[in-house]
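**Q** If you scroll down you'll find the structure; I have some questions about it.
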Amino acid sequence: MRLDKFSNPQFDRGRPVWVEGLWVICSGLFFSTWLPGSRWRCALLRAFGARVGRDVVIKPRARVKFPWRLTVGDYAWIGEDVWIDNLDQVSIGAHCCISQGAYFCTGNHRWDKESFDLVTEKIVVEDHCWIAAKAIVMRGAVIREGAVVLAGMVVSGEVPAWQILSSAGSRPRQMEDKD
């Protein structure tokens, strides 16, 4: 790769540079800090274009790159130090738990091209999912309803509904009935 050949003219940031700059300031001073409180974090995200449902909990030090590319369903939880690096759309369903330190990465680079081109794809997390601590969710990932991604796992494709993605071969497995 030749980083001096990198060019990104096709990438649309989604808002004018002054809006992005204002978000960077508000995020750094308020949103991504240790200050407690979810309601005002949700309100701040909404003010910058995010679609945030009812009774969403957002813990301190969470980070969101572009609020205008974020949708969060009702009663979802976003834990401390979660980083939503959303160069593309990220959709988190209702009743989802995104645990501490999880990382959502919608962008990557073409390492096989000398110009190291940027590639982005959306991430979808359907309703009733749990993304456990320190999990990494990569561009294009789809986590179907009720799926669980265990701590430290990397998701780069689809996790089927009501399956658990664990380190045992990194393949989804059926949930056991606890009745």
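The values are calculated or read from the model by the stated rules, or taken from the named source; none is laboratory data. Keep in mind that this is a model prediction, so the values were computed, not measured. Backbone-built Cβ (ideal geometry, glycine too); neighbour counts: all protein chains shown. Surface accessibility is based on the protein's heavy atoms, side chains included, excluding ligands, DNA and RNA. Shrake-Rupley method; radii C 1.70, N 1.55, O 1.52, S 1.80 Å.
**Q** Can you tell me which residue is modelled with the highest pLDDT among those in segment 81-126 that are assigned to a strand (DSSP E or B) and of a type in the set (Gly, Ala, Ser)?
**A** Among those residues, the one meeting the criterion is 91.
**Q** Then there's this: So which of 35, 29 ends up being among the hydrophobic types (A, V, I, L, M, F, W, C) and either touching a strand residue (DSSP E or B) at 6+ places or on another chain (Cβ under 8 Å) or assigned to a loop (DSSP other than H, G, I, E, B) (or both)?
**A** Going through 35, 29 in turn, the sole match is 35.
**Q** Just to be sure before I move on: is residue 133 of a type outside the set (Asp, Glu), part of a loop (DSSP other than H, G, I, E, B), open to solvent by 60 Å² or more (accessible area, probe 1.4 Å) and at pLDDT 95 or above in the structure I sent?
**A** no
**Q** A follow-up question, please. Tell me which residues, restricted to segment 153-163, are at pLDDT 95 or above and open to solvent by 30 Å² or more (accessible area, probe 1.4 Å). Reasoning before the result, please.
**A** Narrowing segment 153-163 to residues at pLDDT 95 or above: 153-155, 158-163.
If the condition is that a residue be at pLDDT 95 or above and open to solvent by 30 Å² or more (accessible area, probe 1.4 Å), then 154, 158, 160, 161, 162 are the ones that fit.
**Q** Here is a further query. Just give me the residues in segment 38-60 being over 18 Å from residue 85 (Cα atoms) and part of a helix (DSSP H, G or I), in sequence order.
**A** Matches in segment 38-60: 39, 40, 43, 47.
**Q** For segment 9-20, which residues satisfy the criterion of being outside any helix (DSSP H, G or I) and either surrounded by 11 or more Cβ atoms within 10 Å (Cβ to Cβ) or among the charged types (D, E, K, R) (or both)?
**A** 11, 12, 13, 14, 15
**Q** Sort out which residues of segment 108-129 are under 13 Å from residue 141 (Cβ atoms) and out of contact with any His (no Cβ under 9 Å at 6 or more places or on another chain), and write them in order of number.
**A** Selection gives 108, 120, 121, 122, 123, 124, 125, 126.
**Q** Applying the selection to segment 47-74, what residues are under 16 Å from the mean Cα position of the chain (by Cα) and open to solvent by 50 Å² or more (accessible area, probe 1.4 Å)?
**A** Within segment 47-74, 51, 59, 61, 63, 65 qualify.
**Q** Also, quick follow-up: Has segment 5-18 got any residue that is on the phi > 0 side of the Ramachandran plot and at pLDDT below 95?
**A** Checked against the condition, which is being on the phi > 0 side of the Ramachandran plot and at pLDDT below 95, segment 5-18 yields at least one hit.
**Q** State all residues of segment 34-52 that are in contact (Cβ under 8 Å) with a residue 24 or more places away in the chain and in contact with a Phe, Trp or Tyr (Cβ under 7 Å, 6 or more places away or on another chain); if no residue qualifies, say none.
**A** Passing the criteria: 48, 49.
**Q** Run down 83, 34, 23, 77 and say which single residue is open to solvent by 20 Å² or more (accessible area, probe 1.4 Å) and over 26 Å from residue 150 (Cβ atoms).
**A** So the residue among 83, 34, 23, 77 that is open to solvent by 20 Å² or more (accessible area, probe 1.4 Å) and over 26 Å from residue 150 (Cβ atoms) is 34.
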